[in-house]
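A.B. asks: Dropping the structure in here first, questions after.
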Amino acid sequence: MAIPFFSFYPLERIPMNKTTIVTDQMKYDYSVRIAFNLYMEKLLTESEYKEILSRLKQQYNITFITSESNEIVEN
């Protein structure tokens, strides 16, 4: 008769290493969202906002954007 694995190791005693993985893309997305909100609140000018976006792309080595774009499109 086989004894279940969990009978020897109650769940309270199993070590659970909870680590959060944060990628550069996630950092970039979060930073762009903050910059966009500041721009929408008129706390940044359009040129400042575009400069921040370009610096963030360089800092996090972003070559393409996988999430929604917050870039300003001129008409």
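A.B. asks: Could you list, ordered by first residue, the pairs with Cβ atoms under 7 Å in which the first is in segment 40-52 and farther than 16 Å from residue 30 by Cα and the second is loosely packed, with under 13 Cβ neighbours inside 10 Å, at least 6 apart or interchain?
C.D. replies: Close Cβ pairs satisfying both conditions: 46/72.
A.B. asks: Within segment 43-51, is even one residue at pLDDT 95 or above, surrounded by 14 or more Cβ atoms within 10 Å (Cβ to Cβ) and part of a loop (DSSP other than H, G, I, E, B)? Steps first, answer last, please.
C.D. replies: Going through segment 43-51, the residues at pLDDT 95 or above turn out to be 43-51.
If we keep only those that are surrounded by 14 or more Cβ atoms within 10 Å (Cβ to Cβ) too, we end up with 44, 49-50.
Filter again for part of a loop (DSSP other than H, G, I, E, B), leaving 44.
Yes, there is a match, as at least one residue in segment 43-51 is at pLDDT 95 or above, surrounded by 14 or more Cβ atoms within 10 Å (Cβ to Cβ) and part of a loop (DSSP other than H, G, I, E, B).
The values are calculated or read from the model by the stated rules, or taken from the named source; none is laboratory data. Just so you know, these numbers come straight off a predicted model, no measurement behind them. No Cβ is skipped: glycine too gets one built from the backbone with ideal geometry, and neighbour counts run over all protein chains shown.
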